[in-house]
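The structure appears right after this line, and notes come after that.
What follows draws every value from the coordinates through simple rules; no lab data is involved. Bear in mind that the values here come from a model prediction, so they are computed numbers and not experimental data. Glycine also receives a Cβ, built like all others from the backbone with ideal geometry; neighbour counts cover every protein chain displayed.
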């Protein structure tokens with residue numbers, strides 16, 4: 001397995017609209033480059049492209065969501081770092097062989113779907129306390145820039 005690049009960094013926020021008002025002037029943006037709701041992950045996201053890296057502000061859509069639980073434990077802040085790989089399932093297999101633990105979804109699946117790709121979470125206990133994601137998204141940042 002080879003990491004190609006940092007894919008995105010996620011910031012857990014209590015209020016997405018307030019966070020956007022703080023971050024957009026800093027980033028030189030007038031709005032997110034990509035905004036979406038991921039029902040399965042229970043999050044509302046504003047994504048901004050910063051060079052080749054996505055910068056995401058994430059708000060939980062439910063009090064029981066993982067972002068809400070993270071904020072309850074740690075306060076707002078950096079929640080995860082995502083690394084882009086060629087193939088998520090192949091990376092999962094390679095990392096499992098090296099005893100990296102993964103966090104399954106509610107149905108027990110490690111690889112989770114997102115748009116035209118898959119992602120998986122490596123447990124933070126293995127990664128110095130950092131929730132780490134691998135994703136095989138093939139986005140081209142040049143096409144995504146606004």
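Could you tell me the center-to-center distance, by alpha carbons, between the range 1-50 and the range 69-103 in angstrom?
That distance is 17 Å.
Of 17, 41, 86, which has the largest mean-square fluctuation in a 10 Å C-alpha GNM of the chain?
Comparing 17, 41, 86 in a Gaussian network model of the chain, the most mobile one is 17.
Between the helical axis of 88-97 and the dominant principal axis of the chain, each derived from Cα atoms, what acute angle in degrees is found, rounded to the nearest 10?
Taking Cα atoms only, the helix is inclined about 50 degrees.
I need 117, 10 ordered by Cβ neighbour count within 10 Å, fewest first.
117, 10
List the relative contact order of the chain as a percent without decimals, with contacts defined as Cα pairs under 8 Å and 6+ residues apart.
In percent, rounded to a whole number, it is 26.
Quick one: 118, 24, fewest Cβ neighbours within 10 Å first, how do they rank?
Ranked by crowding around the Cβ, least crowded first: 24, 118.
Which angle from 0 to 90°, rounded to the nearest 10, does the C-alpha axis of helix 16-27 make with the longest principal axis of the chain?
Taking the Cα atoms of the chain, the angle to 16-27 is about 80 degrees.
Counting other beta carbons within 10 Å of each residue's own, what order do 8, 123 fall into, fewest first?
Lowest to highest Cβ neighbour count: 123, 8.
Normalised by the empirical 2.2 N^0.38 Å for globular proteins, what value does the Cα Rg of the chain take?
Output field value: 1.03.
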